[in-house]
Amino acid sequence: MRNDDWRVGVLFSETGVTGAVERTQRAATFLAIDEINRAGGVRGRPIVPIAYDPGSIPANYRDMALKLVDDDRVDVVFGCHMSNTRKAALPVIEARGALLFYPTLYEGFEYSRNCIYTGAAPNQNSVQLVQFLTQNYGNRVFLVGSNYVYPYESNRTIADLFVRAGGQVVDEMYVPLALDDASIATIIERIRRTKPDVIYSTVVGDGIVPFFKAFKEAGFDSKRMPIASQSTSEADFRQLTPSVAEGHVTAAPFFSTLDRPQAKEFVASYHRAFGDDVLPTAPAEAAYFQVHLFAQALEQAGSTALGDLLPALAGVEYDAPQGLVKIDGATNHTHLWPRVAKVNAKGEYDIVYDPSVRVAPDPFMLEYRPESAMSATRNAIGL
């Protein structure tokens, strides 16, 4: 590293199946870096990003993480979206003693000394979402997801939470990441046959839009039987007409409609930098505030070395758009502010549940222990 700057890696896809949402994370990362540099940088030195586009392909995240730490000589990488991309890059990060900041909700049940998890863990979104769904729609859930690690593990947790609420999983299925018409038709047929109260979807990326369109075209009423999806964001609903998006539900710590001064300023800054046609997502907000947390810790530590940064990160807080956030030094996860929202007739999120409570991370769900009911759940649906 040169003595006159702080080099960091940025590893978000601009292309590929998750390019739409990852572009919002990349943009928010650059926005935060620009804010910090305009304020004088860290210890008078600018943060200099070195960015690559992995194209949503897990092997590319691994190879580009290797390039960042070996060739570009960075100690800190901001990036990854799908869990399989994080799991591809993280062994490289760990082997080289670097640090990955990962700003996407994920399935939990993981710890790495070399990873800071700033997206929501299941106790910070899934718990609140299931409470809202069972109280307002019913307790019979249909689970559908893309065929990779996050959907399987997220659905495992969701299934347990529904069972604990006295509910039932009526069906569970997985579809290709590159979602095709035949798979969509199968989803629709199985929803029609099982008649759930709620569909919980972990379909990700480019498959989200055609799935929601097919759901509407099939004549299903989202006001009575919504799709609840934590992997769906403003980046996806912007590609749908309001009539298709209306009524569906999600949970996250941040929404672009959040009525908070810091949230409004973040959205306004994002628009000024990238135009009015794009909205920051919850993963983008996490990508944004994690850079500010890093800068505060770096100001204290004076070094990007892992052994210097980790203790400093455990001692800083940042007033993020969602609320005051901080890193839990024991788990490397983040204290966050869970909320539930529903899409309105304008295609925007109405926040329908906001306890205004910061929730400590519990990535291993020690309070809930999802494994305890899974055998009963899977027996009930014949798996």
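Structure notes:
- Counting only protein heavy atoms and using a 1.4 Å probe, the accessible area of S231 comes to about 30 Å².
- Dividing the Cα radius of gyration of segment 90-162 by its Kirkwood radius returns 1.08 for Rg/Rh.
- Against the chain, whose longest principal axis comes from its Cα atoms, helix 126-136 is set at around 30 degrees.
- Convex hull of segment 146-200 built on C-alpha atoms - directionally averaged projected area, nm²: 3.8
- The long axis of helix 19-38 is offset from the longest Cα principal axis of the chain by roughly 30 degrees.
- Separation of alpha-carbon centers, segment 83-100 and segment 215-271, rounded to whole Å: 31
- Under the combined filter of DSSP loop state and at most 14 neighbouring Cβ atoms within 10 Å, segment 1-61 retains these trypsin sites (Lys or Arg not before Pro): R2, R43.
- When the solvent-accessible area of the chain is split by element, carbon and sulfur atoms take up 48 percent of it, the probe being 1.4 Å.
- Restricting segment 168-226 to trypsin sites (Lys or Arg not before Pro) in coil, as DSSP defines it, with at most 13 other Cβ within 10 Å: K223, R224
- Pairwise Cα distances in segment 36-82 exceed 18 Å for 40 percent of all pairs.
- Scattering profile of segment 21-160 at q = 0.16 Å⁻¹ [log10 I(q)/I(0), Debye over alpha-carbon scatterers]: -0.91
- Heavy-atom accessible area ranking, 1.4 Å probe, most first, across Y152, Y111, Y368: Y111, Y152, Y368
- Area of D328 that stays accessible when all protein chains are in place (1.4 Å probe, Å², to 10): 40
- Accessible surface, 1.4 Å probe, highest first, among residues E367, E317: E367, E317
- Fraction of beta bridges assigned by DSSP in the chain that are antiparallel (%, nearest 5): 35
- Exposure check, 1.4 Å probe, all protein chains in place: C115 carries approximately 0 Å² of accessible surface.
- For segment 189-234: Kirkwood Rh in Å [reciprocal of mean 1/r, alpha carbons]: 11.1
- Furthest towards positive pole of dipole, A32, F215, A312, structure part the chain, Cβ charges: F215
- Most to least accessible of V48, V127 (protein chains only, probe 1.4 Å): V48, V127
- Over 25 Å [Cα-Cα, the chain], rounded percent: 52
- Using only the C-alpha atoms, the convex hull of segment 239-324 corresponds to 126 Å³ per residue.
- Computed from Cα atoms, the angle from the helix 149-164 axis to the main principal axis of the chain rounds to 50 degrees.
- With the charge dipole of segment 75-209 set up from +1 on Lys and Arg Cβ and -1 on Asp and Glu Cβ about the Cα centre, the Cα lying farthest toward the positive end among the listed residues F132, T85, N147 is that of F132.
- Taking only alpha carbon atoms, segment 185-341 gives an Rg to Rh ratio of 1.08, where Rh is the Kirkwood radius.
- For the pair A330 and Y111, label points projected 7 Å from Cα toward Cβ lie 0.9 nm apart.
- Alpha-carbon Debye profile of segment 168-260, log10 I(q)/I(0) at 0.12, 0.19 Å⁻¹: -0.36, -0.91
- Both radii come from the Cα set of segment 1-103: Rg as radius of gyration, Rh as Kirkwood radius; their ratio Rg/Rh reads 0.97.
The values are calculated or read from the model by the stated rules, or taken from the named source; none is laboratory data. Note that the structure is predicted; figures quoted are calculated from it, not measured. Ideal geometry is used to build each Cβ from the backbone, glycine not excepted, and the neighbour counts take in all protein chains shown. Accessible surface is based on the protein model in full, side chains and every heavy atom, while ligands, DNA and RNA are left aside. Shrake-Rupley method; radii C 1.70, N 1.55, O 1.52, S 1.80 Å.
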